[in-house]
Each structure stands twice: as C-alpha cells, then as structure tokens.
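Below: one structure, written as structure tokens.
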Amino acid sequence: MVFVAENRTPSEEPQRPRTKKKRTARNVLLGFVAFFLVIAAGAGVYAFNLASSFNSKSQKIEQAFPEDAARPEKVQAGATNLLLLGSDSRAAALGSAEAGDSSDQRSDTMMWVHIPADHKNIYMMSIMRDTWVEIPGHGESKMNSAMALGGVPLVVQTLEGMFGTRLDHVAVIDFEGFKAMTDSLGGVNVNVPMAFNTKDFSFAKGQQQLSGDEALAFVRERKAFSDGDYQRVKNQQLFLKALMSKFLTAETLTNPGKISSLVDSVSPFISADKSFDAAAAGGLAIGLREVRGSDVISFTLPTSGIGTSGDGQSIVLRDDAAIDGLSKALASDSLGLYLQESGLTEKR
C-alpha cells in the first residue's frame with residue numbers, strides 16, 4: 001500500500017493532539033482517580049455504602065478482553081496498565097460491542113495509562129484516533145475503527161498486539177457523567193474564552209456558571225468554531241479544570257451527603273471490566289495517594305505525520321520505531337527512563 005504525505009489546513013487534518021489535549025487527558029485521569037480516592041478514604045459503614053453504590057450502579061463490560069490465547073503474557077510484576085476510553089451515550093450502548101460485534105460506539109478519546117510498580121508516577125499515552133494500525137482479522141485501518149469493527153475486545157487486542165503488553169483493566173467514561181457530576185456539585189464556574197452558540201444554548205465570553213446541560217453542550221460543541229475539534233478540546237480542558245477545582249475542595253470532600261450524591265449520580269456513566277470494582281479501584285487509588293500533579297506525565301504516541309491511505313482516507317502514519325521502543329519500555333517497566341532519554345515529554 002502506498003501512502004502520500006501531504007500538507008493540510010487544521011480543518012482538513014485528522015485531529016492532532018496538542019498540549020492542551022494532553023492536559024485534558026491528565027485531568028480526566030485525576031478526576032477518575034480522585035473519584036475512587038473518595039470511595040477508599042471513607043471509614044466504616046460510610047465507605048462500605050459508597051463502594052456498594054459504585055459496584056451496583058456502574059456498568060460492567062462482561063467481555064472486555066479477547067480470548068486469552070490472543071493476548072500477550074503479563075511480564076511487569078507490580079506494574080498496572082489501564083485503557084481509558086471516552087464515549088458518548090448518543091451512540092449505541094456497549095451491549096453488543098462487548099462480545100465483538102460491530103457497534104456505532106465512538107472511542108475518539110483513547111489513553112493507555114501505565115502505573116509503574118513503585119507507584120511514583122502515572123504515565124498517560126494518548127493515541128490519535130486516526131493512527132493507521134493493523135487491526136486483527138481486518139487488516140490495516142484507523143485505530144478508532146477497532147471499536148466499530150469488534151467492540152472493546154478488539155480495541156484491547158489491537159493495542160496489546162501493537163505494544164506486546166497486557167492491559168489489566170479497561171474503563172469507559174460517558175460524557176453524560178460530566179453532566180451528572182456538574183449538577184451534583186451545584187454547577188461549575190467556567191471562564192468561556194469566546195462567545196458562541198449551540199443548538200440549545202448561547203455562551204457569552206467571560207466567567208459564568210454552567211448547569212449540567214450547559215456543561216454537556218459546552219464540551220460537545222465543535223461546529224460553532226472555525227477550527228472545530230481544536231477549540232472543542234480547549235473547552236473540554238477549561239471545563240474539566242473547573243470541575244476538578246470544585247470537586248477537590250474541603251467543602252465537597254468533607255460533606256458525606258454531597259459525596260454520596262456524587263457517587264450515586266456519576267457511577268451509572270462508568271463502565272469497566274468485571275475485575276475493576278470499587279475495591280480494586282480504591283486499592284489502586286490508595287497506592288497513588290502520594291502522587292501529585294507534577295508526577296503525572298502525559299505524552300502522545302509519536303507518529304510519522306499525515307498521509308493518505310490507498311483507498312483515499314486521511315490518516316496518521318504510525319512511527320514503528322517509536323512503537324518498538326515504547327513496547328520494550330513497557331515490558332521492562334522502564335517507561336520513565338525511556339521517555340527521559342527519548343525527549344518525548346517532561347514532567348508537568
């Protein structure tokens with residue numbers, strides 16, 4: 001197959017990760033970890049009730065992984081690898097996609113999270129949705145087509161095959177969860193960078209408090225902007241920062257009623273593999289209790305630029321040398337050293 005490198009304007013290119021998107025991904029993970037820290041940090045009956053609420057209300061992906069024979073062996077003792085997928089409930093529910101059937105479920109946000117055995121850092125690798133990869137049983141295609149072709153198990157199989165490393169857990173987070181969290185917190189203040197209109201709302205430039213419905217419209221909108229997804233990513237970053245700022249306050253964290261309401265309202269919008277229950281997530285969060293923002297390191301899987309596939313699709317060309325280096329680093333639990341030596345990223 002022949003690929004042709006080409007120059008494109010932002011509106012014509014596949015989505016490219018920018019620094020702001022990396023920061024957004026970091027905030028998503030910190031919010032996710034903080035959510036489970038709340039469950040793990042309680043005491044006695046209160047903690048038990050929070051965990052029970054999460055376990056009963058969150059959804060389980062009955063078949064999150066491919067058959068064992070198709071998976072690499074786990075080789076990093078003590079290290080943990082998670083796959084975080086962003087979804088939108090306007091698409092079909094996970095349902096049939098779990099079993100490997102086709103689905104219209106979208107997975108535009110895709111992050112491989114590596115937690116080393118020493119639990120001193122969290123490494124987040126964003127994978128561009130248009131990266132041209134080998135999808136088992138289907139040949140070469142865009143990375144995000146794996147979900148449409150075979151659901152969560154095929155996404156896992158594709159990534160595990162690419163990096164030669166086994167994933168321990170998978171979690172899918174629905175954007176609707178941000179709406180529920182916003183309402184549970186009584187609204188979130190966001191500094192809107194520019195005025196724009198969506199189908200149902202008008203957003204003026206400047207500081208304003210968003211309700212859950214407004215927040216969902218704010219993070220979803222792209223057609224109102226000349227650079228489309230680029231501004232949408234910036235808006236998601238602004239919202240998530242504002243959400244985290246309100247969530248991680250003494251007023252919220254010391255209020256049992258508010259925390260219970262938060263867990264009750266957000267849990268239905270989280271889907272995870274069967275082993276990733278409140279106990280597992282809480283245990284992981286406790287292991288990360290000393291991690292701070294500067295210990296969270298985010299980067300994007302390197303690529304070889306933009307190109308066109310043989311059938312005319314605009315794609316992102318994969319960097320096989322970088323994939324090989326990352327695969328070895330994941331297998332030896334030396335990702336931090338590899339990133340330092342390769343200059344891919346710095347601590348933030």
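The values are calculated or read from the model by the stated rules, or taken from the named source; none is laboratory data. What you are looking at is a predicted structure, and each value in this text was computed from that prediction instead of being measured. No Cβ is skipped: glycine too gets one built from the backbone with ideal geometry, and neighbour counts run over all protein chains shown.
Would a scan of segment 158-170 turn up a residue that is within 17 Å of the chain's Cα centre (by Cα), of a type in the set (Gly, Ala, Ser), at positive phi and not in a strand (DSSP E or B)?
No, there is no match, as no residue in segment 158-170 is within 17 Å of the chain's Cα centre (by Cα), of a type in the set (Gly, Ala, Ser), at positive phi and not in a strand (DSSP E or B).
Go over the candidates Glu140, Glu176 one by one and state the one that is under 26 Å from Asp311 (Cα atoms) and charged (D, E, K, R).
Within the list Glu140, Glu176, the selection yields Glu140.
Among Gly206, Gly151, Gly212, Gly161, which is in contact with a Ser or Thr (Cβ under 7 Å, 6 or more places away or on another chain), surrounded by fewer than 20 Cβ atoms within 10 Å (Cβ to Cβ) and modelled with pLDDT of 90 or more?
Within the list Gly206, Gly151, Gly212, Gly161, the selection yields Gly212.
Residues that are in a helix (DSSP H, G or I) and either in contact with an Asp or Glu (Cβ under 7 Å, 6 or more places away or on another chain) or over 30 Å from Gly257 (Cβ atoms) (or both): does segment 195-208 have at least one?
Residues of segment 195-208 that are in a helix (DSSP H, G or I), as a first pass: none.
No - not one qualifying residue is present in segment 195-208.
What number of residues within segment 255-276 are assigned to a strand (DSSP E or B) and of a type outside the set (A, V, I, L, M)?
2
In segment 138-148, which residue that is outside any strand (DSSP E or B), of a type outside the set (A, V, I, L, M, F, W, C) and at pLDDT below 95 is farthest from the chain's Cα centre (by Cα)?
Checking each candidate, the answer is Ser145.
When you go through Ile315, Ile306 one by one, which is the residue that is modelled with pLDDT under 85 and not in a helix (DSSP H, G or I)?
Answer to the selection: Ile306.
Ala285 - would you say it is modelled with pLDDT of 75 or more and surrounded by 15 or more Cβ atoms within 10 Å (Cβ to Cβ)?
Considered against the rule, which asks whether it is modelled with pLDDT of 75 or more and surrounded by 15 or more Cβ atoms within 10 Å (Cβ to Cβ), Ala285 comes out as no.
I'd like to verify a number: residues in segment 332-348 that are of a type in the set (A, V, I, L, M, F, W, C), surrounded by fewer than 13 Cβ atoms within 10 Å (Cβ to Cβ) and either closer than 12 Å to Thr300 by Cα or modelled with pLDDT under 80 (or both), how many?
Pass one, segment 332-348, residues of a type in the set (A, V, I, L, M, F, W, C): 335, 337, 339, 344.
If we keep only those that are surrounded by fewer than 13 Cβ atoms within 10 Å (Cβ to Cβ) too, we end up with 337.
Next, from what is left, pick out any that are either closer than 12 Å to Thr300 by Cα or modelled with pLDDT under 80 (or both): none.
Of the residues in segment 332-348, 0 are of a type in the set (A, V, I, L, M, F, W, C), surrounded by fewer than 13 Cβ atoms within 10 Å (Cβ to Cβ) and either closer than 12 Å to Thr300 by Cα or modelled with pLDDT under 80 (or both).
Going through segment 134-146 one residue at a time, which ones are in contact with a helix residue (DSSP H, G or I) (Cβ under 9 Å, 6 or more places away or on another chain) and in contact (Cβ under 8 Å) with a residue 60 or more places away in the chain?
Pro136
In segment 163-209, which residue that is of a type in the set (D, E, K, R) and touching a Gly at 6+ places or on another chain (Cβ under 8 Å) is farthest from Val113 (Cα to Cα)?
In this case the residue turns out to be Asp183.
Which one is farthest from Glu221 (Cα to Cα), of the residues in segment 181-203 that are of a type in the set (S, T, N, Q) and surrounded by 13 or more Cβ atoms within 10 Å (Cβ to Cβ)?
This residue is Ser184.
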